[in-house]
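Q: The structure under discussion is supplied below as structure tokens; questions concerning it will follow.
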Amino acid sequence: MAIYAQLGRAMAARRTSLGLTQQEIADRIGVSRASIANVERGRQKVLLHQVYAIARVLALKSITDLVPATLPKPDTPASVSMLNIDPDGFSEVQLSDLERLVRSALGPEKVDAPR
């Protein structure tokens, strides 16, 4: 969800700099004001055609002005962080395998319990 939060922050900053309201953006792209508010807070996913419409309404040259150049790294699973290892040394497949191993050994209730 980190990519949606980044898109929302970029969208809100650009909208504010142009002096536009959420309602004005919503009206121009055909969604509700609540949807725009949720997108700006990173709580709502956005369809690709909507990203293009948002970029157009915000007078941006490209949708890349709204999204990061690279995808953010996924959150480290709780089970992996319990092992006190550096996740940067592992691929996503390896991290997934580690998570499954820890969950099978400890059970999900121990992994998901607050620390």
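Q: Search the range 2-20 for residues that are more than 13 Å from R43 (Cα to Cα) and pair each with any residue that is of a type in the set (D, E) when their beta-carbon atoms are under 9 Å apart and the residues are at least 6 apart or on different chains.
A: What qualifies is A10/D65; M11/E40; A12/E40; R14/D65; R15/E24; R15/E40.
Q: Can you name every residue in the range 3-30 that is among the small types (G, A, S) and open to solvent by 50 Å² or more (accessible area, probe 1.4 Å)?
A: Correct list: A13, S17, G19, G30.
Q: Mind listing just one residue for me: the one in the range 31-49 that is surrounded by fewer than 16 Cβ atoms within 10 Å (Cβ to Cβ) and modelled with pLDDT of 95 or more and, of those, farthest from G8 (Cα to Cα)?
A: In this case the residue turns out to be S32.
Q: Is there a residue being on the phi > 0 side of the Ramachandran plot, at pLDDT below 95 and in contact with a helix residue (DSSP H, G or I) (Cβ under 8 Å, 6 or more places away or on another chain) anywhere in the range 51-60?
A: No: the range 51-60 contains no residue that is on the phi > 0 side of the Ramachandran plot, at pLDDT below 95 and in contact with a helix residue (DSSP H, G or I) (Cβ under 8 Å, 6 or more places away or on another chain).
Q: Can you tell which of P77, P72, P87 is loosely packed, with under 13 Cβ neighbours inside 10 Å and at pLDDT below 70?
A: P72
The values are calculated or read from the model by the stated rules, or taken from the named source; none is laboratory data. Just so we're clear, the structure is a prediction, and the values are computed from it rather than from any experiment. Methodologically, a virtual Cβ is constructed for each residue, glycine included, from the backbone with ideal geometry; neighbour enumeration extends over all protein chains shown. In case anyone asks, the SASA skips ligands and DNA or RNA and just uses the protein heavy atoms, side chains included. Shrake-Rupley method; radii C 1.70, N 1.55, O 1.52, S 1.80 Å.
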